[in-house]
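Trainee: Sharing a structure with you now.
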Amino acid sequence: MDSPPSVKSRLAELGLELPKPFAAPPDLELPFDTVRVSGDHAYVAGHGPMDGSEILMRGKVGSDLTIEQAYEAARLTTLSILASLERALGELDRVTGWVKALGFVNCAPGFNVTPAAINGFSDLILELWGGAGRHARSAIGAAELPFDIPVEIEAIVEVR
């Protein structure tokens, strides 16, 4: 029986590439791990739409950015999370399931459709992992996020 395609090959089929793993912006030290493995789980710290230390999108959703742009920011954030997971685990195929995600949206006053923004994360995870990508999730509006990023997402995954 053929094994299922790897996560990396599914990314390639979608025309997506992983960015450089998250790194602190210059002149800032972040004294925590971006991914912490404990037993059969990996805990992923909050990530934004980053390529290494380069911020790919900035602004408040509902004034500076549209919901479609916020959805794209969540997809870019997902790729940043995957790059950190790959660095920590050696390969993305060690992720056997997605347990929980917590998404924050940098909201302009009155913007309250935060789930639609974080769907950019959930939809991509489901595209890549299928049923194993199903997860519990919250999407919370915030007045500010670090470095004026539009979304920040953290996650808990099962690993082998």
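The values are calculated or read from the model by the stated rules, or taken from the named source; none is laboratory data. Just so it is clear, the model here is predicted, and its values are computed rather than measured. Reconstructed Cβ throughout: ideal geometry from the backbone, glycine too, with neighbour counts over all protein chains shown. Calculation scope for accessible area: heavy atoms of the full protein, side chains included, ligands and nucleic acids excluded. Shrake-Rupley method; radii C 1.70, N 1.55, O 1.52, S 1.80 Å.
Trainee: Hand me the list of strands (runs of 3 or more DSSP E) wholly inside the range 44-160 holding 3 or more residues that are open to solvent by 40 Å² or more (accessible area, probe 1.4 Å), small (Gly, Ala, Ser) and at pLDDT 95 or above.
Mentor: By residue number, 136-142.
Trainee: If I ask for residues that are closer than 23 Å to residue 132 by Cβ, part of a loop (DSSP other than H, G, I, E, B), of a type outside the set (D, E, K, R) and open to solvent by 50 Å² or more (accessible area, probe 1.4 Å), which ones from the range 1-43 would you list?
Mentor: 1, 3, 4, 5, 14, 15, 39
Trainee: Check residue 144 against each of (1) within 16 Å of the chain's Cα centre (by Cα); (2) free of Cβ contacts under 8 Å to residues at least 40 places away in the same chain; (3) more than 28 Å from residue 8 (Cβ to Cβ) and name the one condition it does not meet.
Mentor: In the conditions (1) within 16 Å of the chain's Cα centre (by Cα); (2) free of Cβ contacts under 8 Å to residues at least 40 places away in the same chain; (3) more than 28 Å from residue 8 (Cβ to Cβ), residue 144 misses (1) alone.
Trainee: When you scan the range 9-27, how many residues do you find that are touching a helix residue (DSSP H, G or I) at 6+ places or on another chain (Cβ under 9 Å) and at pLDDT below 95?
Mentor: 3
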